[in-house]
Amino acid sequence: MNAGVRYGWVLTNSHLPGFLRGRFEYAVDALPVFAVFQPANTAYGMGFDPLGLKWNFDRHGRFSPYLELTGGVLVTTHDVPTGTNPVNFMDQAAFGTNILGAKYNWSLELRYMHISNAGLATPNPGINTVQVRLGIGKFYRSRR
């Protein structure tokens, strides 16, 4: 379980042909609430994703689908997984859609997350999860 905030910058105008047409976005995430429920304990912590690469496909009515690759670090109160290390790295991939509203927007996505210590400790078994995420946000126009 986790909760956080994201800030992103759309870096390009729309390009590519057909159904691939869209814009490239760079984003960063702060995850001040992170809990990993394990048989031995529950590890609480916080994460930071400084690398968020997102392809926003052109919108279709109220729906704006996207693909995303994200990477960051996770620091927890207990070893994750148990017996390894409290400092880990997160690699993630997601497919989702923004549901555009008049003032606020919802997002719904399917996300794969891999958590491992990248060899900082032995063993390094890692944890793989598939998540369904729901978000709420607001988009702002550039002031240029």
**Request:** Evaluate the relative contact order of the range 103-144 (contact order divided by residue number), counting alpha-carbon pairs under 8 angstrom at least 6 apart; express in whole percent.
**Result:** 51 percent
**Prompt:** Where does the charge balance sit around Leu69 when Lys and Arg score +1, Asp and Glu -1, over other residues with C-beta under 12 Å from its C-beta?
**Reply:** -2
**Asked** Say we join alpha carbon atoms closer than 10 Å with springs in a Gaussian network model of the chain; which of Asn117, Asn105, Asn88 then has the biggest fluctuation?
**Response** Asn105
**Prompt:** Got a sec to turn the phi values of the range 6-21 into Karplus ³J(HN,Hα) couplings, 6.51 cos²θ - 1.76 cosθ + 1.60 with θ = phi - 60°, whole Hz, x for Gly and Pro?
**Reply:** 10, 10, x, 10, 6, 9, 10, 7, 5, 8, 6, x, x, 5, 7, 4
**Complete:** Over all pairs of different Cα atoms in the range 1-115, the reciprocal of the mean inverse distance gives a Kirkwood radius in Å of 15.5 Å
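Rule-based calculations on the coordinates, nothing more; no lab input. Predicted model only: the values in this text are computed from it and were never measured. Glycine gets a Cβ as well: all are built from the backbone with ideal geometry, and neighbour counts include every protein chain shown.
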